[in-house]
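Okay, structure first, notes after.
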């Protein structure tokens, strides 16, 4: 098990030698600096506390500044916990880079979906809109809350209503890494990644590994061959 933190930049396309076009997401992976270690004796579990991206010291609170001074590193904008047996051997002050993952590896992507604010059921759940005639009096309302005579004193839990939509944590499983470039600090992942642009994303070893599709295998193989100059 291994994991690393990156930032979603956006989406683009890459072309295989046969001309097939594939959509990929660009994830910027700056060095993840180890700030602290969680131990079984003290915390009950094992994990690394890492910092991502530098931040001006004047904007950091005193408790967090104490954590950075203890690790003897510059202030970081984000502090997260990462789990994994392969990365737990890192000591405080060391870094994790994107060469942790290689071309063709399968990973899970953990992020937060886009926040839409307070929305109605038509936008959130794609309910049908009412008649648009001026005399209708029913256009974008929630609809009936009847429950067929059951529990007449309340609305049954789980009813789709208007409310806050996102951002919530979600995971995309078994995404394939098309290219991992340690020199320029980015990873290309086939397909979409949860969250808006500039959102943080955690790449980890898949919890439920699945076999790669044949077309993905061909793309990964050709990309690796081009990187070697063959």
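The values are calculated or read from the model by the stated rules, or taken from the named source; none is laboratory data. Since we're looking at a predicted model, the values are computed, not measured. All Cβ positions, even for glycine, are placed from backbone atoms using ideal geometry, and neighbour counts span all protein chains on display.
Can you tell me which residue in the range 141-160 is farthest from residue 202 (Cα to Cα), limited to those that are in contact with a helix residue (DSSP H, G or I) (Cβ under 8 Å, 6 or more places away or on another chain) and surrounded by 13 or more Cβ atoms within 10 Å (Cβ to Cβ)? Outline the logic, then answer.
Going residue by residue through the range 141-160, those that are in contact with a helix residue (DSSP H, G or I) (Cβ under 8 Å, 6 or more places away or on another chain) are 142-143, 160.
Still in the running and surrounded by 13 or more Cβ atoms within 10 Å (Cβ to Cβ): 142-143.
Values: 142: 37, 143: 40 Å.
Across the range 141-160, the extreme among qualifying residues is 143.
Read through the list (1) in a loop (DSSP other than H, G, I, E, B); (2) touching a helix residue (DSSP H, G or I) at 6+ places or on another chain (Cβ under 6 Å); (3) modelled with pLDDT of 90 or more, then give the number of the only condition that residue 192 fails.
Only one criterion is unmet by residue 192, namely (2).
Only one of these conditions is not met by residue 100: (1) surrounded by 14 or more Cβ atoms within 10 Å (Cβ to Cβ); (2) at pLDDT below 90; (3) under 21 Å from residue 52 (Cβ atoms). Which number is it?
(2)
So, residue 127, is that one assigned to a loop (DSSP other than H, G, I, E, B) and either farther than 29 Å from residue 30 by Cβ or in the same structural domain as residue 5 (by TED's automatic domain parsing) (or both) or not?
In short, yes.
For (1) within 16 Å of residue 202 (Cβ to Cβ); (2) in contact with a strand residue (DSSP E or B) (Cβ under 8 Å, 6 or more places away or on another chain); (3) at pLDDT 90 or above, each residue gets a yes or a no:
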site	(1), (2), (3)
2	yes, yes, yes
28	yes, yes, yes
33	yes, yes, yes
48	yes, yes, yes
64	no, yes, no
69	no, no, yes
81	yes, yes, yes
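Counting just the residues of the range 114-140 that are over 30 Å from residue 10 (Cα atoms) and surrounded by 10 or more Cβ atoms within 10 Å (Cβ to Cβ), which one comes out nearest to the chain's Cα centre (by Cα)? I'd like the intermediate steps shown before the answer.
So the first thing to find is which residues in the range 114-140 are over 30 Å from residue 10 (Cα atoms), and the list is 127-140.
From what is left, the residues that are surrounded by 10 or more Cβ atoms within 10 Å (Cβ to Cβ) are 127, 129-131, 138-140.
Numbers: 127: 28, 129: 33, 130: 37, 131: 40, 138: 39, 139: 36, 140: 33 Å.
Once the filter is applied, the top-ranked residue is 127.
Among (1) over 30 Å from residue 204 (Cβ atoms); (2) in a loop (DSSP other than H, G, I, E, B); (3) out of contact with any helix residue (DSSP H, G or I) (no Cβ under 8 Å at 6 or more places or on another chain), where does residue 118 come up short?
(2) is the only condition that residue 118 fails.
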